[in-house]
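Throughout, read-outs are computed from the coordinates displayed, never taken from laboratory work. Remember, predicted model here, so these are calculated numbers, not experimental data. Positions of Cβ are backbone-derived with ideal geometry, glycine not excepted, and every protein chain shown enters the neighbour counts.
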Amino acid sequence: MYDKDWQPSASLDHLKRRAQFLTEIRRFFYQRDVLEVDTPILSHAAPTAPYLDSFTTQYIAAGGQKTPCYLQTSPEFAMKRLLAAGLGDIYQIAKVFRNGEQGRHHSPEFTMLEWYRPSLSYHQLMAEVDDLLQSVVALPAAIKMSYQQVFSEYLAIDVSTVSEQQLKQLAMSRLTSLPEDWQADKDGWLELLMSELIEPQLASSGCPYIIYDFPASQAQLAKLHRSEDGNTVAARFEVYAQGLELANGYDECLDAEELSQRFTEDNLIRQQQGKATMPIDQHLMAAINSGLPACTGVAIGVDRLLMLKLGVKDINDVTSFRFEQS
Amino acid sequence: MASYSTNEFKSGLKFMLDGDPCSIIENEFVKPGKGQAFNRVKFRNLKTGRVNERTFKSGDTVESADVIETDLEYSYTDGEFWYFMDPTSFEQYGADANAISESKDWLKEQYVYTVTLWNGTPLLVTPPNFVNLAVVETDPGVRGDTSGGGGKPATLETGAVVRVPLFIEIGEVLRVDTRSSSYVERAKD
């Protein structure tokens with residue numbers, strides 16, 4: 001007897017809706033004159049972010065010589081090289097891979113929509129994300145709030161002055177599920193409060209929320225700038241809708257020196273946690289150094305968008321086969 | 001003792017937490033922003049029966065709990081413990097009031113119950129979904145009324161009280177659903 005595991009995890013109807021959905025996304029960008037690109041999935045370098053784990057593999061040459069390779073966690077680095085080369089506004093729908101991430105909203109392999117806009121400012125890009133969510137997913141208009149505002153409104157915390165100790169006390173008193181020996185740094189506590197106390201409140205309204213101007217310590221590849229209230233923050237935004245984290249966007253950092261420093265610090269954290277350090281993408285560094293045009297960029301989980309559109313709760317209901325069946 | 005990592009968490013997994021055996025009801029993988037992933041776990045403490053939540057960092061490990069489910073025959077009670085017997089090895093297990101709280105209205109000698117054992121101690125006694133029990137007390141039956149309309153309370157031999165149709169008489173054996181404490185039909189013998 002064969003088991004039934006060969007069958008798709010999504011219904012045939014959902015797979016047809018998926019195909020239609022991808023067409024609508026492509027139409028959205030075609031109408032805006034954004035060029036579709038596709039870049040290598042397999043890379044000799046990998047992101048250094050401490051909590052992002054690449055799948056690693058090897059290229060074995062005919063003579064047996066082995067070269068380590070990584071499956072991309074996002075097409076970001078290759079797309080930035082295309083930007084530096086002068087290709088202009090570009091987008092990509094790519095398969096990406098993240099080791100160790102699996103759950104109702106996560107699959108180790110998923111589909112990412114990522115686009116870069118030399119012609120749009122930080123706030124214009126947020127508006128474009130909102131347009132996409134409204135026209136392609138049929139969500140209501142997004143509500144925009146800064147990271148500072150959202151913490152002040154929902155938790156009465158001033159993020160620019162709050163101490164690590166105060167965050168810890170708040171988390172410990174409000175999150176009864178947290179063991180007493182929970183360890184985190186300031187960003188760790190902020191992330192926990194965001195996901196466990198703020199996001200559930202944002203989810204209940206049904207509207208997407210665009211949260212912008214993250215703490216400078218969570219800049220990733222975003223540039224730092226001055227916020228409306230005069231603090232130095234990261235020009236980074238995230239989009240949340242109905243309990244799903246949908247998108248992460250930046251006004252891109254153009255300073256190779258600064259990025260190189262962040263990557264080195266990342267690798268140090270990886271080392272402290274007993275994780276393998278990642279080879280910094282020297283082609284990316286060279287491209288940025290040669291002159292990455294001022295640009296904004298954002299990455300969105302396509303499967304999660306489709307989950308919202310179809311009203312389903314499990315990512316495997318919108319993908320042809322779940323990871324265990326792949 | 002074996003241990004489980006958060007990536008092995010799934011509903012039904014038995015593990016030790018703060019010295020008590022627990023069973024996972026729901027496990028959710030959460031990855032906030034670009035931060036460290038964690039697992040939000042809803043579980044039942046098998047000793048107290050209480051449902052609780054705990055957050056684990058992804059990659060954390062927990063000790064497995066030596067919890068097994070086995071079918072045992074109910075023998076008798078001395079008022080403090082309720083004794084169950086393994087019908088093949090004749091080994092006896094004493095369950096306390098806490099362990100039989102869900103099944104105490106359904107305990108009948110020689111009936112077989114699912115007993116959850118932790119290190120050989122009964123944690124939980126679960127009755128079968130359906131049992132046949134005799135009526136020991138109810139208002140006189142209304143003969144000929146098989147419409148099932150209305151109804152009346154009837155006390156069964158184990159002490160459970162269920163609503164039964166008007167035509168049911170004392171001494172009749174009924175098939176009862178223990179999950180909803182409801183009458184199903186007259187038992188066929």
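Just a few scattered comments:
- Proximal charge balance of B:Gly49 [Cβ under 12 Å; K/R count +1, D/E count -1]: +1
- Listed from fewest to most Cβ neighbours within 10 Å, the set A:Asp3, A:Asp13 follows the order A:Asp3, A:Asp13.
- Given charges at Cβ of Lys, Arg, Asp, Glu: chain A dipole, positive-most of A:Gln169, A:Leu113, A:Cys207: A:Leu113
- Peptide A:236-247 - average C-beta neighbours from other chains (10 Å radius): 1
- Sum of side-chain charges, A:Lys80 neighbourhood, beta-carbon under 11 Å (Lys, Arg +1; Asp, Glu -1): -3
- Placed amide H near A:Leu246: partners under 5 Å, 5+ positions off or other chain: A:Val239, A:Tyr240, A:Ala241
- Shape summary of the protein assembly as shown, radius of gyration then Dmax from alpha carbon positions: 29.9, 98 Å.
- Database remark: amide H of A:Lys144 closer than 5 angstrom to the amide H of A:Ile210 (H placed geometrically; neighbours at sequence offset of 5 or more, or on other chains; Pro and chain starts carry no H).
- Per residue of the protein assembly as shown, the DSSP helices (runs of n ≥ 4 H) give a summed -39500 (n - 2.57) that works out to -7000 deg cm²/dmol at 222 nm.
- Euclidean distance of C-alpha centroids, segment B:89-134 and segment A:47-84, integer Å: 57
- Whichever lysines have a C-alpha closer than 28 Å to that of B:Lys108, once near sequence neighbours (fewer than 8 apart) are set aside: B:Lys47, B:Lys152, B:Lys188
- Other protein chain Cβ atoms within 10 Å, averaged over every residue that makes up A:253-266: 0
- For segment A:98-112, 3J(HN,Hα) per residue [Karplus equation, 6.51 cos²θ - 1.76 cosθ + 1.60, θ = phi - 60°, Hz, x = Gly/Pro]: 9, 6, x, 10, 8, x, 4, 10, 10, 9, x, 10, 8, 10, 10
- Along the axis of the charge dipole computed for the protein assembly as shown (Cβ charges of +1 for Lys and Arg, -1 for Asp and Glu, origin at the Cα centre), the listed residues B:Pro87, A:Gly88, A:Ser11 are led at the positive end by A:Gly88.
- Whole-angstrom gap from segment A:106-174 to segment A:1-22, using each part's C-alpha centre: 32
- Average beta carbon contacts from partner chains per residue of B:18-30, 10 Å cutoff: 2
- For the protein assembly as shown, the Cβ-based charge dipole about the Cα centre amounts to some 1320 debye (Lys, Arg positive; Asp, Glu negative; other atoms uncharged).
- Residue exposure sequence - B:Trp106, B:Trp118 - by fewest surrounding Cβ within 10 Å: B:Trp118, B:Trp106
- Net charge, A:Leu254 excluded, C-beta distance under 11 Å - Lys, Arg +1, Asp, Glu -1: -3
- Phi to ³J(HN,Hα) by Karplus 6.51 cos²θ - 1.76 cosθ + 1.60 over segment A:55-71, Hz, x for Gly, Pro: 6, 10, 8, 9, 9, 10, 6, 3, x, x, 6, 9, 10, x, 9, 10, 7
- Modelled label reach - B:Asp20, point 7 Å along Cα→Cβ, segment A:175-191 residues with backbone N closer than 16 Å: A:176-180
- Too-long pairs where the Cα-Cα distance tops 27 Å, listed order kept, from A:Lys80/A:Lys186; A:Lys223/B:Lys57; A:Lys16/A:Lys95; A:Lys275/B:Lys14; A:Lys168/B:Lys34; A:Lys309/B:Lys57: A:Lys80/A:Lys186; A:Lys223/B:Lys57; A:Lys275/B:Lys14; A:Lys309/B:Lys57
- Which of B:Tyr183, B:Leu156, B:Ile168, positive extreme of dipole for segment B:129-184 (C-beta unit charges): B:Tyr183
- Its Cα centre serving as origin, segment A:204-246 has a Cβ charge dipole (Lys and Arg +1, Asp and Glu -1) of approximately 140 debye.
- Total charge dipole magnitude, segment B:55-168, about the Cα centre, Cβ charges on Lys, Arg, Asp, Glu only, Debye to nearest 20: 620
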